[in-house]
Amino acid sequence: GITEADQWRLTSNVTLGNDLVSQLNANWERVDTDGFGKLGTGVSESSGTFSFPSTGVWLITFNVNGHVFNTSSSYYNASIYTTTNNSTYSEAALAQTSAYNSGAGTYISASATFMFDVTDVSTHKLRTQVISIGGGFVQSNTSATRTGLTFIKLGDT
């Protein structure tokens with residue numbers, strides 16, 4: 001069965017400029033909403049870099065909610081970046097937006113997933129990134145996840 005499962009969320013909105021790439025490297029917390037259930041040790045985070053407690057194949061889901069200011073030219077990407085040498089990161093998964101124009105801007109949502117084969121916990125790590133054309137922000141909340149990561153270890157490699 002599954003021996004590791006964890007969730008993290010962004011706790012402070014991230015403002016995005018027009019045509020700006022932003023790594024989400026601050027303001028992460030482990031989910032602590034009433035009823036949250038974590039299995040095992042869970043992942044750890046430092047300056048937006050996530051490390052794994054054990055080797056194996058991990059299913060990672062990155063959900064992003066946000067707002068784009070320019071409704072006539074809105075574009076939003078959410079990406080998972082991984083490294084297997086603790087140095088060079090490459091894009092492992094990309095999600096583009098779906099949007100709803102409320103008249104006051106465009107609300108977006110994107111979800112990227114990746115199955116990461118972690119063969120060495122000291123070198124295999126993960127980061128996240130968003131891109132906005134049209135300016136806006138990434139939504140956050142400390143009591144209910146708006147933007148977050150889910151980690152589930154599917155099994156050993």
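The values are calculated or read from the model by the stated rules, or taken from the named source; none is laboratory data. The structure presented is a predicted model; accordingly, all values stated were derived computationally and were not measured. Neighbour counts are summed over all protein chains in view; Cβ atoms, including those assigned to glycine, are modelled from backbone coordinates with ideal geometry. Surface accessibility is based on the protein's heavy atoms, side chains included, excluding ligands, DNA and RNA. Shrake-Rupley method; radii C 1.70, N 1.55, O 1.52, S 1.80 Å.
For region 90-95, putting each phi into the Karplus relation 6.51 cos²θ - 1.76 cosθ + 1.60 with θ = phi - 60° gives couplings of 9, 5, 9, 8, 9, 10 Hz, in residue order, rounded to whole numbers and with x for Gly and Pro. Apolar share of the accessible surface for the chain: 44 percent from carbon plus sulfur atoms, 1.4 Å probe. Set the Cα radius of gyration of the chain against 2.2 N^0.38 Å, with N its number of residues, and you get 1.04. Along the axis of the charge dipole computed for the chain (Cβ charges of +1 for Lys and Arg, -1 for Asp and Glu, origin at the Cα centre), the listed residues Val43, Asn141, Thr119 are led at the positive end by Asn141. Charge tally around Phe116: other residues with Cβ under 14 Å, Lys/Arg +1 each, Asp/Glu -1 each, net -3. Simple point charges give the picture: +1 on the Cβ of Lys and Arg, -1 on the Cβ of Asp and Glu, and for the chain a dipole about the Cα centre of about 220 debye.
If Lys and Arg each add +1 and Asp and Glu each add -1, what is the summed charge of the other residues whose beta carbon sits under 14 Å from the beta carbon of Val43?
Values: positive: Arg9, Arg30, Lys38, Lys125, Arg127, Lys153; negative: Glu4, Asp6, Glu29, Glu45.
Summing Lys and Arg as +1 and Asp and Glu as -1 gives +2.
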